[in-house]
Structures are given as structure tokens and as C-alpha cells.
Amino acid sequence: MYRILIVEDDPGISAAIAEQAKTWALDALCVRDFREVMACFEQYSPHLVLMDIALPFFNGFYWCSEIRKVSKVPIIFISSASDNMNIVMAVNMGGDDFIAKPFDKNVLMAKIQAVLRRTYDFALIPPALEHRGAVLNTGDNTLVYDKQVIDLTKNEYRILFALMESKGKIVSREKLMERLWETDNFVDDNTLTVNVNRLRKKLDSAGLDHFITTKFGVGYILS
């Protein structure tokens with residue numbers, strides 16, 4: 001189920017959107033403390049953010065820029081301030097769409113579904129893979145664990161994706177090298193070892209000790 005974070009300070013509007021999201025088979029969470037939007041974002045790890053512009057403490061443009069520092073998750077602005085300047089600002093700050101209030105809830109849901117399809121490709125790739133509380137987001141290639149966003153290189157992401165999509169099974173070194181061959185860089189057996197070791201150190205530092213187990217002569221498996 002795709003997760004939608006609703007950053008809207010009107011409780012009536014946010015509750016109505018969350019209720020409508022359920023009818024469209026979407027999970028939704030409404031931010032309550034508008035000083036802790038990033039903490040909520042990192043804990044919930046949404047696949048899409050609905051962002052109002054006029055908010056207590058900091059406006060939606062500020063929170064959009066903060067999210068963009070750690071994630072490429074799609075952000076749709078919702079606002080009654082629908083003049084051209086706000087629309088341009090929303091796009092320039094990293095927003096993916098702008099919907100003016102008042103809006104029809106079904107139209108809003110249809111737009112959300114369209115953005116989710118463009119971003120995640122429903123048919124081919126799951127929006128996220130999870131193991132031991134660590135969530136690998138396929139939309140923005142990030143790993144989230146214990147409220148931390150763990151930066152991954154392209155190779156580290158590909159290795160982790162291959163292991164997490166085959167959770168419970170050994171993934172051969174040959175299969176992992178095939179995955180890394182999809183990049184522009186040449187990958188040999190020693191390069192794979194280096195990449196796995198770097199990924200392990202990064203996971204250990206985040207508190208994910210012994211996340212990847214080596215099956216000598218065969219490959220790797222998630223522990």
C-alpha cells in the first residue's frame with residue numbers, strides 16, 4: 001500500500017483527504033506537529049507528500065526544500081494561493097504538481113495516482129522493500145532505518161535491491177555482477193567484494209549489524 005503524507009494545517013481538510021485516500025487503497029498520515037515535519041517524514045517514509053503552502057512556523061516551500069535535501073519523493077502542493085507566483089515557486093522548489101483549493105477529492109486522488117504511476121511504475125517495481133525494519137525506497141533509491149536516511153551509491157542500491165527482492169534466498173555473486181553490469185562501469189569479482197564491504201560498513205554504522213551474510217563460494221543472503 002502506498003503511503004501519503006498530508007502536510008495540511010486545516011484538520012477538516014487533512015482528515016477528509018486521509019479518509020478519501022483509504023477508499024483509493026492508499027495509506028495516509030496527517031502531520032500534527034508542524035515543527036516536526038521532517039521527523040514525521042523520515043519515520044513514515046511516504047511515497048508521496050501533499051504539501052500546503054501556508055503552514056504554522058515554516059511554510060510549505062521551506063519543508064519542500066528540506067525534503068529535497070534527502071529525498072526525491074514526489075511532492076504535490078495544495079493551496080488556495082493559486083496565483084502564478086506561487087505555482088512557479090512550487091515548481092522551482094521541487095514540487096511535482098500544484099492543485100488549487102477548493103478541489104474535488106476524486107480529482108485529487110486521480111492526480112495522486114497518476115504521479116505515483118509515473119514515479120514508481122505499479123506493474124514492475126514495488127514502491128519499497130523492507131527487511132529488519134530497514135525500508136529501501138525504489139522511487140528515490142534511499143534506505144531508511146530508525147529515522148535515518150542512509151545515502152547509497154548506485155552500486156550499493158543495486159546490490160541491496162537484488163538482495164531484498166530475493167529475501168530469504170541466496171543471491172549468487174554472478175547475479176549481483178550482472179546487476180552491476182547494468183551501470184556504465186566495469187565490474188569484476190574484486191569490485192563486487194569492495195562494493196559489498198563498503199555497503200556493510202555503511203549498514204553497520206546505521207545500526208544494521210550483520211545485515212548481509214556471506215555464503216562462501218555461493219553468494220550473499222540477508223540475515
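The values are calculated or read from the model by the stated rules, or taken from the named source; none is laboratory data. No experiment lies behind these values; they were computed from the predicted model shown. We place every Cβ from the backbone using ideal geometry, glycine too, and count neighbours over all the protein chains shown.
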Counting only helices (runs of 4 or more DSSP H) entirely within segment 143-223, those with at least 1 residues that are of a type in the set (Phe, Trp, Tyr) and outside the structural domain of Met38 (by TED's automatic domain parsing) are 154-165
Mind checking which strands (runs of 3 or more DSSP E) fall wholly inside segment 1-111 and carry at least 2 residues that are at pLDDT 85 or above?
3-7, 27-30, 48-52, 75-79
Report every pair of residues separated by at least 6 positions or lying on different chains whose Cβ atoms are under 8 Å apart, first residue within segment 130-148 and at pLDDT 85 or above, second polar (S, T, N, Q) and not in a loop (DSSP other than H, G, I, E, B).
Leu136/Thr142; Leu143/Asn137; Val144/Asn137
Looking only at segment 199-223, how many residues end up being in contact with a Lys or Arg (Cβ under 7 Å, 6 or more places away or on another chain) and without any contact (Cβ under 8 Å) to a residue 60 or more places away in the chain?
3
